[in-house]
Amino acid sequence: MRQEPDTSGASGLRFRMLGPMTARDHGGSPLALGPNQQRALLAVLLLRRGRTAPMADLCEALWGERVPPRAVGTLRTYVSRLRSLFEPDRPARAPARLLLSAPDGYALRLRDPVLDIDEFERGLAEAARLRTAGATGEAYRTLGGALGLWSGTPLSGLPGPYAEAQRDRLTELWLNAREDHFHSALELGLDRDIAAVAALRAFAAEHPLRERTQALLMLALHRAGRPGEALAVYEATRRTLDLELGVPPGPELAALHRRLRSREPGSGPGPGPAAAGPGPARTPASAGSASPARPSPPAAPSAPVHPSRAGTRAETPEGAADRVVDGAGFVGRAAERALLVRMLGDTGGAVPVAVVTGMPGIGKTALAEHVAERLRDAFPDGVLRASVRDGGAEALTGLVRALGVPGPAVPDGLDARAALYRSLLAGRRVLAVLDDAHDTAGLLPLLPATPGCAALVTSTGRGLLVPGARLVDVPELDDAAALDLLAATAGPARRSAEPEELRRLARRCAGLPLALRLAGRRLRREPGLAVAALAAADGPELLAALCADGASVGERFDRSLALLTPAAARALRCTAGAPDGFGHTRAAELIGTCEAEAADAIDELVDSGLLRPGASGSYRYHPLVRAFARSPHG
């Protein structure tokens, strides 16, 4: 008979993860959880709720695809420290009773641990039950208690794909719960409270792309006798959606606008949150996304924190800034849009797969989102979204959950998740938008296999080997389109007051939408900054100036640089000064290596998106990449 672990010495431990990860023992004394990576391992073990975590899964959870050579030894060190933490009195060489070894992994089996994540999710479920039962007041109070558990960004500062995926999942739940809380307040008539309306207005300002939030604010203002402000919210949202995403407001928000304009009676909060409330939360990362734009959640629902749109690296998932900042990169993309719509809309035979490629900051995600919006009617069962940056396992979990499978029912193992995912797609017509794919192995399990479905993939590299996939390369914007994008972001006053300086600055950005967008945001938010001052910058100076809202062009390039091998990183620095059109022979001379090794490094740079192939075996750098490679950061 198998002996169950004795957990009597570790009952009642309380773990907080809806903010910086902390723990207290049954007496309330804090526990020293160690460095962030050790905490990340503990978070994985806790959230598996006693189930064994194979060593391979733990490595993937902490390091993704870039597992260091001594990863297993590092994990064993962390496990040893955690065992000492939870069983300080365990005799030397005595078997562990809590953090158990399995044939190829570990399982943490504490007795009745208290996790604030579990309390939060139970609160959401109870609030949903109360709403269904018509107990709106109780639902409102229950949601308030659940939201009050938050003290910041969940699992703040913990590294690794697993922690990142949990941050994304929990933040999406938090956003929806905040909307539900405001919706319940409207049903209870609390919108007459000036402070309640002010809190909703602040939340709406932080999330301008969430249409349901804007609809709630419109209703609150209308009921408060401020119809002009309610209609102004719609106009501001319409402009933001057009500028950031190139799409009009959704049908629910548009219908609410028509009702309020006509002052129809009965324009109450509409269907309850379980029925999506007054308009869906239509954001670039909604509909089952594994990578939503993440706020810095407040400690209490009535006191929202106003973060910058991009946040900091510890608060915002990599790529979120690109999705927001580069969102208007549709200018001049008519040919690519038309091609993708035609390719993906033809689902009569095999499942079409389109791979959108291009350098970092070129607007691949923005283009994919716009195309997905255009194809919404062609895929009546919806659009699924997932980030593939950290591999397929967590992305599959997000997709399966988006298709209605609760978290505890998601099977372990990549093959089991992939089989479940494809079985859920049987008989459906779904478009899967798979963002930032880096390798074929991580991508293939996410591709639909059901006729009638399609997949739209974005990737900086051209090395994905997907049978039947069509590649669509996204080039730099031409001069006219670049000027239009910069002027639209900077505002009409800048274009009329400083047209020539604006044109010169657009040329400095060399058709890169991310650079144009950041330059425009700086000009809009810093009225005292002259366009000529930015336009006069060049090289590393210009690169440093292209920053806004916590995001920068250099930081985006730096993330690509971090993924390179040392040989490719050295090749970047050595060849950045070469004129456009250099080949393998010249690269080998500059690097000081043989031509074969130079070719390997060049291929890796092309696959990273930092180097673009030209004609007849030649290569070229974007001017801003060249400046980055020659700067201290490069």
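The values are calculated or read from the model by the stated rules, or taken from the named source; none is laboratory data. Remember, predicted model here, so these are calculated numbers, not experimental data. Every residue, glycine among them, receives a Cβ derived from its backbone with ideal geometry; neighbour counts consider all protein chains shown. When the accessible area is computed, the model is the full protein with side chains, heavy atoms only, and any ligands, DNA or RNA have been set aside. Shrake-Rupley method; radii C 1.70, N 1.55, O 1.52, S 1.80 Å.
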Can you tally the net charge around Val472? Count Lys and Arg as +1, Asp and Glu as -1, for every other residue whose Cβ sits under 13 Å from the Cβ of Val472.
+4
Cβ-derived FRET efficiency at R0 30 Å, Leu563 paired with Ala426, nearest 0.05
0.25
Using θ = phi - 60° and Karplus 6.51 cos²θ - 1.76 cosθ + 1.60, couplings along region 110-116 (whole Hz; Gly, Pro as x)
7, 8, 6, x, 9, 10, 5
Taking the Cβ-Cβ separation of Glu555 and Leu471 as r and a Förster radius of 30 Å, what is the calculated FRET efficiency to the nearest 0.05?
0.65
When the Karplus curve 6.51 cos²θ - 1.76 cosθ + 1.60 is applied with θ = phi - 60°, which whole-Hz ³J(HN,Hα) does each residue of region 593-609 get, with x for Gly and Pro?
9, 6, 5, 5, 5, 4, 4, 4, 5, 5, 4, 5, 5, 5, 5, 7, x
Averaged per residue, what accessible area in Å² does the chain show with a 1.4 Å probe, protein chains only?
41 Å²
Phi angles of region 515-524, converted by Karplus (6.51 cos²θ - 1.76 cosθ + 1.60, θ = phi - 60°) into ³J(HN,Hα) in whole Hz with x for Gly and Pro, give 5, 5, 5, 5, 4, x, 5, 4, 5, 5
In debye, nearest 20: dipole of the chain around its Cα centre with unit charges on the Cβ of K, R (+) and D, E (-)?
860 debye
Along the charge dipole of the chain, Cβ charges K/R +1 and D/E -1, which of Leu155, Leu219, Pro411 sits furthest on the positive end?
Leu219
Quick query: amide H of Gly382 versus all other amide H atoms, modeled in the peptide plane; which residues come in under 5 Å with a sequence gap of 5 or more or a different chain?
Leu431
In whole Å, largest first, what are the principal axis extents of the Cα atoms in region 22-63?
35, 22, 10
Enter the Cα centre distance for the pair region 220-236 and region 102-179, rounded to the nearest angstrom.
33 Å
Residues whose modelled amide H sits under 5 Å from the amide H of Leu471, counting only those 5 or more places away in sequence or on another chain, are Val355
Tell me the volume per residue, in Å³, of the convex hull enclosing the alpha carbons of region 179-264.
83 Å³
Calculated Cα extents along the principal axes in Å (choose from (1) 118, 54, 51; (2) 114, 64, 47; (3) 71, 70, 54), label
(3)
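Please work out how much length the chain gains when fully extended from Ser80 to Ala133, using 0.36 nm per residue of separation minus the C-alpha to C-alpha distance, in nm with one decimal.
Values: separation 53, 0.36 × 53 = 19.08 nm, distance 4.88 nm.
The Ser80-Ala133 span can extend by a further 14.2 nm.
Using DSSP to call loops (not H, G, I, E or B), can you name the trypsin sites (Lys or Arg not before Pro) in region 412-474 whose Cβ has at most 16 other Cβ atoms within 10 angstrom?
Details: sites: Arg417, Arg422, Arg428, Arg429, Arg462, Arg470; in loops: Arg428, Arg429, Arg462.
Answer by residue number: Arg428, Arg462.
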Write down the percent of antiparallel bridges among all DSSP beta bridges whose residues are both part of the chain, to the nearest 5.
40 percent
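How many percent of the accessible area of the chain is carbon or sulfur, using a 1.4 Å probe? All intermediate terms of the calculation are to be shown ahead of the outcome.
Numbers: 13970 of 26050 Å².
Answer for the chain: carbon and sulfur cover 54 percent of the accessible area.
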Only helices counted: for the chain, with every DSSP H run of 4 or more residues adding -39500 (n - 2.57) and the sum spread over all residues, [θ] at 222 nm is -15000 deg cm²/dmol
